[in-house]
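The next block holds one structure in the form of structure tokens; read it before the comments.
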Amino acid sequence: MVKTVRLPKPAPDLLLLHIELKWITPKIWRRFAVPENITLGKLHHVIQVVMGWSDSHLHEFEIAGENYGMPDPDGWGPTVNPEARKTLIKALSGKRTFNYLYDFGDSWHHSIKVEKTLPAVACPQVPYCIDGANACPPEDVGGGPGYEEFLEAMGNPDHPEHDAMVEWHGDVFDPVTFECERVNQWFKRIKV
């Protein structure tokens, strides 16, 4: 009798993604790799970490003309397709760009581009942040206009709102800081 040996499935390819926060100058962006078969629900958590958000608000993906997110059981949020089991590669349907909206009040719009496909062994861990620039705005700062006011007040000790903003934020804010290695340390805690 011949035994059938089942070989393990090969690891999925990786997608190298470039995400950019729209309408903010200087540009806030990240480049990171995820498995092509990541679910949109897990991709949301990866984006929260890579961008520096705290997952305190609703979100939505717009991919190939479809909207995905977490449907509100009470029917208050936008009508979306469930994201929990939909994989990124299937949602893309051959497209290379898509959008991600975080916090419907502050309206943080992100554009995401699939830059290329990589072999599964291309990164030391998955997900993996490769590069990026500039700090993410603080949560609840008031969208783009609020972020501009925040930066102006934080950067000028003589600004009438400086002390209030420092107290509200609770710390010094450096808008040009981005620590890729710190993101990768957080990624070690995520199961995709």
Could you say which residue among ARG85, ARG96 is out of contact with any Asp or Glu (no Cβ under 6 Å at 6 or more places or on another chain) and either in contact (Cβ under 8 Å) with a residue 24 or more places away in the chain or over 24 Å from PRO35 (Cα atoms) (or both)? ARG85
The range 1-20, residues that are assigned to a strand (DSSP E or B) and in contact with a Pro (Cβ under 8 Å, 6 or more places away or on another chain): LEU14, LEU15
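Kindly establish whether PRO138 is surrounded by 13 or more Cβ atoms within 10 Å (Cβ to Cβ) and assigned to a loop (DSSP other than H, G, I, E, B). It would help to see each step written out before you state the result.
Working: surrounded by 13 or more Cβ atoms within 10 Å (Cβ to Cβ): yes; assigned to a loop (DSSP other than H, G, I, E, B): yes.
When the stated conditions are applied, PRO138 passes them.
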Picked from the range 67-76 (must be on the phi < 0 side of the Ramachandran plot, free of Cβ contacts under 8 Å to residues at least 24 places away in the same chain and part of a loop (DSSP other than H, G, I, E, B)), the residue surrounded by the most Cβ atoms within 10 Å (Cβ to Cβ) is PRO71
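Every residue, every condition in (1) outside the structural domain of VAL34 (by TED's automatic domain parsing); (2) modelled with pLDDT of 95 or more; (3) surrounded by 12 or more Cβ atoms within 10 Å (Cβ to Cβ), yes or no:
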position: LEU92; (1), (2), (3): no, yes, yes
position: ASN99; (1), (2), (3): no, yes, yes
position: TYR147; (1), (2), (3): yes, yes, yes
position: GLU152; (1), (2), (3): yes, yes, yes
position: GLY155; (1), (2), (3): yes, no, yes
Does TRP29 satisfy the condition of being touching a residue at least 24 places away in the same chain (Cβ under 8 Å), assigned by TED's automatic domain parsing to the domain that holds LEU88 and touching an Asp or Glu at 6+ places or on another chain (Cβ under 8 Å)? yes
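Which members of the range 119-135 meet the condition of being part of a loop (DSSP other than H, G, I, E, B) and either touching a Lys or Arg at 6+ places or on another chain (Cβ under 6 Å) or under 16 Å from PHE187 (Cα atoms) (or both)? Walk me through it before giving the result.
First pass over the range 119-135, keeping only residues part of a loop (DSSP other than H, G, I, E, B): 119, 123-127, 134-135.
Result: CYS123, PRO124, GLN125, VAL126, PRO127.
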Starting from the range 108-136, keep only residues that are aromatic (Phe, Trp, Tyr), then list their pairs with residues that are modelled with pLDDT of 95 or more and not in a strand (DSSP E or B) whose Cβ atoms are within a distance under 8 Å, requiring at least 6 positions of separation or different chains. TRP108/TRP53; TRP108/PRO137; TRP108/GLY143; TYR128/ASN184; TYR128/PHE187
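The values are calculated or read from the model by the stated rules, or taken from the named source; none is laboratory data. Computed from a predicted structure; not experimentally measured. Backbone-built Cβ (ideal geometry, glycine too); neighbour counts: all protein chains shown.
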